[in-house]
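Reading through the structure tokens given below for one structure.
The values are calculated or read from the model by the stated rules, or taken from the named source; none is laboratory data. Bear in mind that the values here come from a model prediction, so they are computed numbers and not experimental data. Cβ coordinates were reconstructed from backbone atoms using ideal geometry, including for glycine residues, and neighbour counts include every protein chain displayed.
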Amino acid sequence: MLAAHLVVERDPMSLRTPLAAFTLGFFAFTSGCGRKEYVRGSQQPGIDSAAMSTGLDKQDIQQMLQENLNNLRMSPVMDTWRKGGGKTMVAVFPFSNETTEHIESQLAAILSEAETWLVESNAVTVVARDRQNQIIADIEGSRNAVFNPAHVAQYGKQLGAQYFLTGKVQTSDERTEDARRVQYFFFMQVIEIETGAIRWQHKAYVTKMVR
Amino acid sequence: MKRHRLLFGGALLFVVASTLTGCGGHELRTIQARSALDAGQPRQAIEHINHQLGVDGDKDLPSDLTGDNALLVLDRGTVQQSLTQFKLSEQDFQASDKAIDMLDLAHNAGDSIGEYMFSGSSSRYVAPPYEKLLINTLNMINYLETGDLSGAKVEARRLAVIQRYIRDELKEANNSILGLGGFLAGFVYEKSGDADEALRWYDDALSFAGYGALSAAVRELAPRAGYKSPRIAKALAEEAAAASDDGADVICVVGYGRVPHKIPKRIPIGLALTLVADAIEPTNRRAADRLAAKGLVTWINYPTLAPDQGGYSVPTCTVDGKSIPMTEAVNVSAEVTAQWRKIEGKIILSAITRLVTRYAVGEGIEKVGGKGPLALLASLGTQATLTALDTPDTRSWETLPARVAIGRVRIAAGKHTVAAAARGVTRTQSIDVKRGGWATVSLQALR
């Protein structure tokens, strides 16, 4: 409104001002139409560092896992497992998504990373995932073979596992007129199947924001 | 020298005009899809939308979702849902949810300058509150249809975030979309075993009329939950038939008709000035009055709402031939119209401002060119060109159902047939529910 008013009232001999304003504005609105290209991470090392969304990316996953697994490495339950000479059976159950983002595939990646870490630690024997899925299907019924946290004791007994490693991700998600911030809280825990006692638990945080 | 300036101005406008030529309004991009939906051909509608998006198939997303393509993906998401392509609809709603959010967050003063100087459609799209709420609400239906409570809970949480934003930042507490959202989110949490969260959502739903079907659910949840409110207490006090404990719950969701979409309208400046007489600034009023008196190229282009469709339909839903009582959960068309009424004056004002701007540019050319016929012609040509380029902002989520009805019933465990119908569109779905289980069957009759 103000812009239009100023144009009307100014010296009409000055053709350049309204036209220049029009042109500048026009090019401002039509800029940014560059051609896209594919880039290889190995040739451009910084490619992973930029945040692309408020979801979780590789860097977030590595940061959260590193914090939690470093803590697990030093925990009493890990000492117990080491003393067992790698014979202790551990199942890795799905991490639950309690966030405002559809991060199921990222959670699956976290699960695989944690599983790999446990296997490489040589402190425990990790139950194979497809065996776990079979047991879950047996207990829940093949039509609805979805992991149910309420039935972990049953799963554990069927699998012969003594402990299971699991976790959850929660968020605090806030939105204002010009920003959205998602704070992730990533919890991991080890539960003794026989007693249901939590033998280890730790948390890590990551915040993502769009503004 | 003056002649050079005039030529420079004319050339500049030619460049601008030729760059913008072909930029029809959004409603032109979707007219074929809407026509296909009117004809009861949702498959064809998707093909038209895919063509506009420049993608090969229903599962492909455009490489660029930063502009109005986000709206087309939203349109496609609803049509995919009507074709029971729930996974693809999930993908479309998820992608457009993020894109619409980014567009909304990126909205800045530059958009207002574009809106007031060039064209109503030059600014970034800002989704109205009902659209923001419906993205997550309709996507919840997709996850419920596929039995994915975890995914549905993500949508419920996203709905809660946007609900808080609309209530606290936009100061709109009573958007009736929240009634439907609350009903579905409550169901999601009820079936996830979270009684408190379920009651909190049902409490939201009960603040809107027409959710009598919730009484039985509230009665079952209340002993397991600590959440209390006057509406929950009232629901507990109502008479409700005791539901069988060994049954399963089925909810039926029927969307029907289509919301009014935006169409361009052209009115004389004199009429526009009458419509916004109380709101226009005196300086613009004087400039506009001068234009009205001049009587040349003095039309304004602005968008308005087309009629909605399907207002008088009666949706039905049956389980094994027995009717489920259906309640109108939300009148989306009424929300669209109410929202439009709030901004219509501003839209007309910005159209008048653009007209004044065009006049100023034309007048500048005329003054520089002198009193010769060439200058007059250039001035008129400039104004006419800019008028032609002024595309009314007709962007909106056009494939939304005009109304959504909802029903809930408890049935015996086992195999059943659910049939939903509205506006000549039917869906028959076999379900097999366990004791304590649940199922959701939806129909989108978008015609």
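Please verify whether region B:338-346 includes one or more residues that are of a type in the set (S, T, N, Q) and either touching a Phe, Trp or Tyr at 6+ places or on another chain (Cβ under 7 Å) or modelled with pLDDT of 80 or more (or both).
Yes, there is a match, as at least one residue in region B:338-346 is of a type in the set (S, T, N, Q) and either touching a Phe, Trp or Tyr at 6+ places or on another chain (Cβ under 7 Å) or modelled with pLDDT of 80 or more (or both).
Report the residue count in region B:34-74 for those that are basic (Lys, Arg) and in contact with a Lys or Arg (Cβ under 9 Å, 6 or more places away or on another chain).
2
Quick test of your reading of the structure: B:Ala420 fulfils all but one of (1) at pLDDT below 95; (2) in contact with a Lys or Arg (Cβ under 7 Å, 6 or more places away or on another chain). Name the failing condition by number.
With (1) at pLDDT below 95; (2) in contact with a Lys or Arg (Cβ under 7 Å, 6 or more places away or on another chain) applied to B:Ala420, the lone miss is (1).
Being more than 13 Å from the chain's Cα centre (by Cα) and without any contact (Cβ under 8 Å) to a residue 40 or more places away in the chain is the filter; apply it to region B:68-88 and report the residue that is farthest from B:Val254 (Cα to Cα).
Only one residue fits best here, namely B:Asn69.
Farther than 21 Å from B:Val188 by Cβ, without any contact (Cβ under 8 Å) to a residue 24 or more places away in the chain and more than 12 Å from chain B (Cβ to nearest Cβ), is that true of A:Ile110?
Criteria not met by A:Ile110.
Just to be sure I understand, how many residues within region B:23-51 are aliphatic (A, V, I, L, M) and not in a helix (DSSP H, G or I)?
Of the residues in that region, 1 qualify.
Sort through B:Ala195, B:Ala233 and tell me the only one that's in contact (Cβ under 8 Å) with a residue 12 or more places away in the chain and outside the structural domain of B:His416 (by TED's automatic domain parsing).
B:Ala195
Checking B:Thr353 against (1) modelled with pLDDT under 95; (2) more than 22 Å from B:Ile269 (Cβ to Cβ); (3) crowded, with 18+ Cβ neighbours inside 10 Å; (4) out of contact with any Gly (no Cβ under 9 Å at 6 or more places or on another chain), only one condition comes out false. Which one?
Tallying (1) modelled with pLDDT under 95; (2) more than 22 Å from B:Ile269 (Cβ to Cβ); (3) crowded, with 18+ Cβ neighbours inside 10 Å; (4) out of contact with any Gly (no Cβ under 9 Å at 6 or more places or on another chain), B:Thr353 fails exactly one: (2).
Considering only region B:125-165, state which residues are more than 10 Å from chain A (Cβ to nearest Cβ) and hydroxyl-bearing (Ser, Thr, Tyr).
The answer is B:Tyr125, B:Tyr130, B:Thr137, B:Thr146.
Tell me which residues, restricted to region B:219-268, are modelled with pLDDT of 90 or more and among the β-branched types (Val, Ile, Thr).
B:Ile232, B:Val250, B:Ile251, B:Val253, B:Val254, B:Val259, B:Ile263
Residues in region B:168-189 that are in a loop (DSSP other than H, G, I, E, B) and either of a type in the set (Ser, Thr, Tyr) or within 18 Å of B:Ala156 (Cβ to Cβ) (or both): how many?
2
Is one or more of the residues making up region B:373-390 at pLDDT 70 or above, within 20 Å of B:Arg285 (Cα to Cα) and surrounded by fewer than 23 Cβ atoms within 10 Å (Cβ to Cβ)?
For region B:373-390, residues at pLDDT 70 or above, within 20 Å of B:Arg285 (Cα to Cα) and surrounded by fewer than 23 Cβ atoms within 10 Å (Cβ to Cβ): absent.
Just name the residue that is nearest to the other protein chains (Cβ to nearest Cβ) out of those in region A:78-107 that are more than 14 Å from A:Val119 (Cα to Cα) and in a strand (DSSP E or B).
A:Asn97
From A:Gly196, A:Gly167, grab the single residue that is over 22 Å from B:Ser150 (Cβ atoms) and more than 14 Å from every other protein chain (Cβ to nearest Cβ).
After ruling out the rest, the residue left standing is A:Gly196.
Could you count how many residues in region B:190-241 are in a helix (DSSP H, G or I) and farther than 21 Å from B:Arg164 by Cβ?
The total comes to 20.
Which numbered condition trips up A:Lys83, out of (1) at pLDDT 85 or above; (2) under 23 Å from A:Val210 (Cβ atoms)?
That leaves (2) as the condition not met.
Can you name the condition, by its number, that B:Asp168 falls short on among (1) within 13 Å of chain A (Cβ to nearest Cβ); (2) farther than 26 Å from A:Arg181 by Cβ; (3) surrounded by fewer than 22 Cβ atoms within 10 Å (Cβ to Cβ)?
Of (1) within 13 Å of chain A (Cβ to nearest Cβ); (2) farther than 26 Å from A:Arg181 by Cβ; (3) surrounded by fewer than 22 Cβ atoms within 10 Å (Cβ to Cβ), only one is false for B:Asp168: (2).
Can you tell me how many residues within region B:307-337 are surrounded by 17 or more Cβ atoms within 10 Å (Cβ to Cβ) and in a helix (DSSP H, G or I)?
4
Within region B:245-256, does at least one residue satisfy the condition of being without any contact (Cβ under 8 Å) to a residue 12 or more places away in the chain and surrounded by fewer than 16 Cβ atoms within 10 Å (Cβ to Cβ)? Quick ask: steps written out before the conclusion?
Residues of region B:245-256 without any contact (Cβ under 8 Å) to a residue 12 or more places away in the chain: B:245.
Narrowing further to those that are surrounded by fewer than 16 Cβ atoms within 10 Å (Cβ to Cβ): B:245.
Within region B:245-256, one or more residues are without any contact (Cβ under 8 Å) to a residue 12 or more places away in the chain and surrounded by fewer than 16 Cβ atoms within 10 Å (Cβ to Cβ).
Here is a yes/no grid of residues against (1) in contact with a His (Cβ under 7 Å, 6 or more places away or on another chain); (2) on the phi > 0 side of the Ramachandran plot; (3) in contact (Cβ under 8 Å) with a residue 40 or more places away in the chain:
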site	(1), (2), (3)
A:Gly86	no, yes, no
A:Phe95	no, no, yes
A:Glu98	no, no, yes
A:Ser105	no, no, no
A:Glu115	no, no, no
A:Asn122	no, yes, no
A:Val126	no, no, no
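Residue by residue through region A:199-211, note down the ones that are within 14 Å of chain B (Cβ to nearest Cβ) and surrounded by fewer than 16 Cβ atoms within 10 Å (Cβ to Cβ). Reasoning before the result, please.
Filtering region A:199-211 down to residues within 14 Å of chain B (Cβ to nearest Cβ) leaves A:208-211.
Selection gives A:Met209, A:Arg211.
Is it the case that region B:284-306 has a residue that's β-branched (Val, Ile, Thr), more than 14 Å from chain A (Cβ to nearest Cβ), in contact with a strand residue (DSSP E or B) (Cβ under 8 Å, 6 or more places away or on another chain) and not in a strand (DSSP E or B)?
Yes.
Specify which of the listed residues (A:Val92, A:Val124, A:Val119) is among the hydrophobic types (A, V, I, L, M, F, W, C) and in contact with an Asp or Glu (Cβ under 9 Å, 6 or more places away or on another chain). Show your work before the answer.
Values: A:Val124 fails: in contact with an Asp or Glu (Cβ under 9 Å, 6 or more places away or on another chain); A:Val119 fails: in contact with an Asp or Glu (Cβ under 9 Å, 6 or more places away or on another chain).
Residue meeting the stated conditions: A:Val92.
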